[in-house]
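**Student:** The structure follows.
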Amino acid sequence: HFLSRSITDARLARRAPEFVAESHRHWRAAHGAEPLEAPLRLPGRTLPGRCVTVEQAGDGSRRPAVGTAGARAVARMPGGDVLELSAEPGAAGGWVHAPDDERGLPAAAARLAGLAAGGAGLVGVHGGTPLTRTLLTEQARMEHGLAALLVDPALDRDRAVTAVLSGRADLVGADAAAVARWTAP
């Protein structure tokens, strides 16, 4: 986990191939498949993989809608399974908008804590910067025990694998084109 904060899976494999091969063997033994293809067990359902397509919000915006009454976005698995995350309190899953700088982290962390206290089992983190998104997905997982979806269309396959393999996120999501690049053979 520590090493993958500053170096991706593929780059680390060039430096320490045996270490990376062993980490992937350990992951496959624990999860039954490679990181992006591994099923994710959530309360009441099992998702077939770790990549999701984040679709437009109900208001037509290009990002998940957060903080608007009744607004929601969906995250769709490649097989069609839909995860509905809502901006409404008490939903099974919710969205957290990462801030554009670290000064906004306390407010985002409070939103995250509110979702956890309200019984959410899954949180999607979007917006902000790569650092603030990552800090919030880690906090969701490590502090609140929530499954975390990291929404980042700038990720390439290597960084998507690294996010899941390192434990920084349970799921990675973006638009359909990015997810297709991650899941292409």
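Quick note: the coordinates plus some simple rules give every number you see, no bench work behind them. Bear in mind that the values here come from a model prediction, so they are computed numbers and not experimental data. Methodologically, a virtual Cβ is constructed for each residue, glycine included, from the backbone with ideal geometry; neighbour enumeration extends over all protein chains shown.
**Student:** Could you give the length gained on full extension between Arg25 and Glu37, defined as 0.36 nm per residue of separation minus the Cα-Cα distance, in nm?
**Tutor:** That pair, Arg25 and Glu37, stretches by 2.9 nm at full extension.
**Student:** Another one. Under 5 Å between amide H atoms, partner at least 5 residues away or on a different chain: which partners does Asp175 have, H built in plane at 1.01 Å?
**Tutor:** Those lying under 5 Å, H to H, from Asp175 are Val54.
**Student:** While we're here: Given 0.36 nm per residue, what is the gain on full extension from Arg11 to Ala154 after removing their alpha carbon distance, in nm?
**Tutor:** Net length gain for the segment: 49.7 nm.
**Student:** Label-point separation (nm) for Ala184 and His144, each offset 7 Å from Cα along Cα-to-Cβ?
**Tutor:** Taking the simple label geometry, Ala184 and His144 are separated by 3.5 nm.
**Student:** Can you give the FRET efficiency for Ala107 and Ala177, using 1/(1 + (r/R0)^6), R0 = 35 Å, r = Cβ-Cβ distance, to the nearest 0.05?
**Tutor:** 0.65
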